[in-house]
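What follows is one structure encoded as structure tokens, with my remarks underneath.
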Amino acid sequence: MNERTILLVEDNADDELLTLRALKKNNVQNSLVVARDGVQALDYVFGTGAYAGRDVTVLPGLVLLDLKLPKIDGLEVLRRIRADERTRRMPVTVLTSSKEEQDVIKSYDLGANSYIRKPVDFTQFTEAVRQLGMYWLMLNEVSP
Amino acid sequence: MPGLSARAFFANSQEVERSFGWLSAVAVATLASLSLFGWTLGRFDAPHSIALTTSSAALFLVLVFLLGRLLYRIMAARVRAEEALSDSDERFRLFVEGMHEYAIILLDREGRVASWNTGAERVKGYKSAEIVGRSFSVFYPPDEVAAGRPAMELKLAAEQGHWEGEGWRVRADGTRFWCRVLITALKDDTGRLRGFSKLTRDITEGKSAEDALLKAGALQRAIFDSANFSSIATDAKGIIQIFNVGAERMLGYTAAEVMNQITPAEISDPQEVIARAQALSLECGTEITPGFEALVFKASRGIEDIYELTYVRKDGTRFPAVVSVTALRDAQGSIIGYLLIGTDNTARKQAEEALLKAGALQRAIFDSANFSSIATDAKGIIQIFNVGAERMLGYTAAEVMNQITPAEISDPQEIIARAAALSLERGTTINPGFEALVFKASRGIEDIYELTYVRKDGTRFPAVVSVTALRDAQGSIIGYLLIGTDNTARKQADDALRKNEAQLQTIIENLDEGVVVSALDGKLLHSNHAVRELHGYVNPDESRRHLSEFAETFELSGIDGTHLAKDQWPLARILRGERLRGVEVRIRRIQTDWHRVFSYGGTLVQDAGGQPLMAVLTISDITERRQAADVIRQLNTDLERRVIERTTQLQTANNELEAFSYSVSHDLRAPLRSLDGFSQALLEDYADKLDAEGQNYLARIRAGSQRMGLLIDDLLNLSRVSRGEMTRDLVNLSKMANEVADEMRASAPERAAEFVIAHGLVAETDPRLLRIVLTNLFGNAWKFTAKQPSARIEFGVSDEDGEKAYFLRDNGAGFDPAYSSKLFGVFQRLHEGVDFPGTGIGLATVQRIVQRQGGRVWAEGKVDEGATFHFTL
């Protein structure tokens, strides 16, 4: 594992905790920033609002994006990330409860790198997170 | 009885009394025949008939007496016959020779001339030496010889004892003469035929007298003297010899002015005479001079000739005439003059009608085949029967002349009816016979009527007959002229027209649609039954008024209620030349609550030249239709509004459902993850603080959470298959089934299971939804065969009442058929979850999909005997 930050966009505190637990169980030790709504997520990515002044050239190694979010929803967050030249190639994985067809299609249309549905079974959830971390943070070569 | 008086005969018989032998008998028989013959001839000689009858009776008695005596003599003095023969021969010869009026000829059995008297020489023109020994057939015209008449007459005489008749004979010089002939068979006492006596008398003069009687007789004179016919007789060169009163009246000349002065050509239109001469020259191929010759050329060649000619009156005015030309011939057939009979075509009372009729008449006369002229005497006996009559009626003139009246060639029923009608009309009894045909004409009334003629062969034809009384100079009726035209074609046309009109009338009268016919000034000429019904007329007269009078009764307005002034009424618009169609108008009876909605149509009717003749207006009551249309329009509006409402509601409901599903999908599962996730965290992090029971509880919480997660997923699936859009593609079911089967195998590779999947199954369906069906059904089969040592799952197609039904058969746990209806309900499970895990939503999803595609699904099975699921698409 390396120093790349994981941005977890998750409004549900339980899910946040379970995700952290799953990451931890899989020995993913990258720094983790949690944004609890769409605004916070965009502020972090673009160095605005609460994150004004952050060095935006340092992009998260992976964004785990929930779709159903307060203020600005996940799809809109994704759209804005992809609309910006700086973040256009940043890996974004949708991690959400729904597997509604419309969500999946829209996510990919907007440029999501992958779409993961959170399983109810925590064992499966842990496995999913493990594979996610493995792939995106270790196997995947990021765009220069 | 010229030349043979009773006294003379008696004197001759005195001679015969002293004679013997069969020749004497022949002489007597001949004389007796002769006297009878003479009496027969007397029929034509009316002034002598009484005297003849008297003398004939006397002769007959004498004859009987003589014959009796002769028989006696013949029998008693037979022995003396031989010696007296030469003497009696000579006497007989002298007697016969003396008969100058008669050709008395003896013929042998073969008809050869055996003896010849001076009478024969005189009558027939042969000398005895020339003719004796030749066949008597030389006396007959060639056509009669060819027809076998001479032989036939001899045969008849031989069979019947005698033959008597009239006919043409030919003299030695080739001229013909009309004669009366008596041939008597001569037989000896054994009855053997010995020969014939032939007695011939030239009655040409009698015949001529008969003809003359007809031709120059009262009938002819009547025509001659009729003021309605111009009769002009000329000599052979055309110089007028007779110029009757009709001619005087028509042409304005007195007879004295023209007789022996001019020819008819000089009172004819010169241009027409020239034109006629040219036409005839062309037609006949010989030069005809444009003068009198042109008028009579055809007649001079024996051709019946009737033509139109314009006569020029003395005062220079002209009139069209129809002229019939006849050549007048002497006994030898030489033309001695011409008779031109003309009728004035302008002399008609009603000029227009007359012109039309005269035109038709002229044509008919010209084409004599279409024109029958029958002249009768005063009693109706036919005297003239022209070629047209012969053609139309099928009789020859000879068959009817002097024989019958026109009534006998007319439909008897019509004559009876005509007589009855006339009797009623005239207030006097008219006999149903010839009188009925000419009664009006006999009273001086111009009479043209329709009559059905009956042909010789019994067939009939309708004729139009014009009857004219023929009168002598004193005005007494001496006959009638019936001019008839074959009316068949017109009659048929009339009948057809009448039938058409009647049909049309009936149709119009029975139409539900009102039909009004109006004059161009708005006066209503005709309206049918429907018009009266539509307007609620009580009195039929109400419908026959002028358009303007309707305004007193009715008020018209447009559909929108705007008042229509009279000049905007439909009929008024049609009269101005508009063509209307479906003009809807509200009509109200003034001061009543009667009101209807009418639809008007119509147009002006024009003649062939485009001149308007009348207006036709059609009316239909569309009140109910209009009301119904209003109701329907209202219903449609309501329905549309309701559909919009419902659609909106449905849309809202759908949106809500969508949002609900979305929300369920997102939010309902999160708490389950918390339950499961933190239970797991407890188990992992605090296992040492929980005893076995505590751990078991946590395990149950996790199982419950996961099961609920499955339930939520399946319900969302079910909801999704109900909502999502459907496509239709050609889907390879066999391939899809194999893929699903592979998934099953992959999920539990350790299981011994056999999939039997039919090849080549293709269906038109939604591939995504069908995959859900197959996944559910295969999943079902896979699940319920889990406890079979060797599972067998078969997918194929069968025929169910002509419908393709796919089936999935397994040899698994099966089910109790009593509950088969519950299989497809949501959350319906027939097995304990412990034995076969499941949510009870899969088959409900299958059913939803199949039903959405218009198919059906059903299941068969028994406990422990497997199950078969069928579905159609």
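With the cut-off at 15 Å, report for region B:120-172 the share of all Cα pairs above it, as a whole percent. Don't skip to the end; give the middle numbers.
Working: 717 of 1378 pairs.
Distances greater than 15 Å cover 52 percent of the Cα pairs.
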Per-residue mean of other chain beta-carbon atoms within 10 angstrom of the beta-carbon, peptide B:676-682?
6
I need the fraction of alpha carbon pairs in region B:375-440 separated by more than 15 Å, rounded to a whole percent.
52 percent
How many partner chain Cβ atoms sit within 10 Å of a residue's Cβ in peptide A:122-129, on average, as a whole number?
3
Hey, can you rank B:767-773, B:523-529 by average C-beta count inside 10 Å, highest first?
B:767-773, B:523-529
Among all the lysines, which ones have a C-alpha under 23 Å from B:LYS187's C-alpha, if same-chain residues fewer than 8 places away are not counted?
B:LYS155, B:LYS198
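Based on alpha-carbon atoms only, what is the radius of gyration of region A:1-132 relative to the globular estimate 2.2 N^0.38 Å?
Details: Rg = 13.8 Å, N = 132, 2.2 N^0.38 = 14.1 Å.
So the Cα radius of gyration is 0.98 times the expected 2.2 N^0.38 Å.
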Identify the GluC sites (Glu not before Pro) of region B:468-559 meeting these criteria: DSSP loop state and at most 16 other C-beta atoms within 10 Å of the C-beta.
B:GLU513, B:GLU552
Please give the contour-minus-distance gain from B:THR637 to B:GLN649: 0.36 nm per residue of separation, less the Cα-Cα distance, rounded to one decimal in nm.
2.5 nm
Relative packing of peptides B:278-287, A:54-63 - highest average C-beta neighbours within 10 Å first
A:54-63, B:278-287
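What per residue convex hull volume, in Å³, comes out for region B:725-871 when only alpha-carbon positions are used? Walk me through the numbers on the way to the answer.
Numbers: hull volume 16.2 nm³, N = 147.
Each residue corresponds to 110 Å³ of Cα convex hull volume.
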Separation of the B:ALA421 and B:ARG852 label points, Cα + 7 Å toward Cβ, nm
9.0 nm
The summed charge of the A:SER107 Cβ neighbourhood (under 12 Å; Lys/Arg +1, Asp/Glu -1) stands at -2
Quick check: net charge around B:GLN649, other residues with Cβ under 12 Å of its Cβ, Lys/Arg +1 and Asp/Glu -1?
0
Cα to Cα, under 27 Å, and not fewer than 8 places away if on the same chain: which lysines meet these conditions relative to A:LYS99?
A:LYS24, A:LYS25, A:LYS68, A:LYS71, A:LYS118, B:LYS735, B:LYS783
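Peptides B:641-648, B:451-458, B:839-846, A:123-130: what's the order by average Cβ count within 10 Å, highest mean first?
B:839-846, A:123-130, B:451-458, B:641-648
Let's see if you can work this out: charge +1 on each Lys and Arg Cβ, -1 on each Asp and Glu Cβ, no other charges. What is the dipole magnitude of region B:367-494 about its Cα centre, in debye to the nearest 20?
Details: 12 positive and 16 negative charges, 25 e Å.
Value, rounded to 20: 120 debye.
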For residues of B:708-714, the mean tally of beta carbons on other chains within 10 Å
2
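Could you give the size of the charge dipole of region A:43-135 about its Cα centre, using +1 on the Cβ of each K and R and -1 on the Cβ of each D and E, expressed in debye and rounded to the nearest 20? Don't skip to the answer; put the middle values down first.
On the way: 14 positive and 13 negative charges, 32 e Å.
Here region A:43-135 has a charge dipole of around 160 debye.
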For region A:1-34, run through the GluC sites (Glu not before Pro) and keep only the ones in DSSP coil with at most 16 other Cβ atoms within 10 Å of their Cβ.
A:GLU3
Cβ under 11 Å from B:ARG633's Cβ, B:ARG633 left aside: what net charge do those residues give with Lys, Arg +1 and Asp, Glu -1?
-2
Where does the Debye-calculated log10 I(q)/I(0) of region B:740-805 sit at q = 0.15, 0.20, 0.23, 0.27 Å⁻¹, using only Cα point scatterers of equal weight, no solvent?
-0.54, -0.89, -1.08, -1.28
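Laboratory data are not the source of any read-out in this text; all were calculated from the coordinates shown. None of these values were measured; they are calculated from a predicted model. Here the Cβ is made from the backbone with ideal geometry for all residues, glycine too, and neighbour counts use every protein chain on show.
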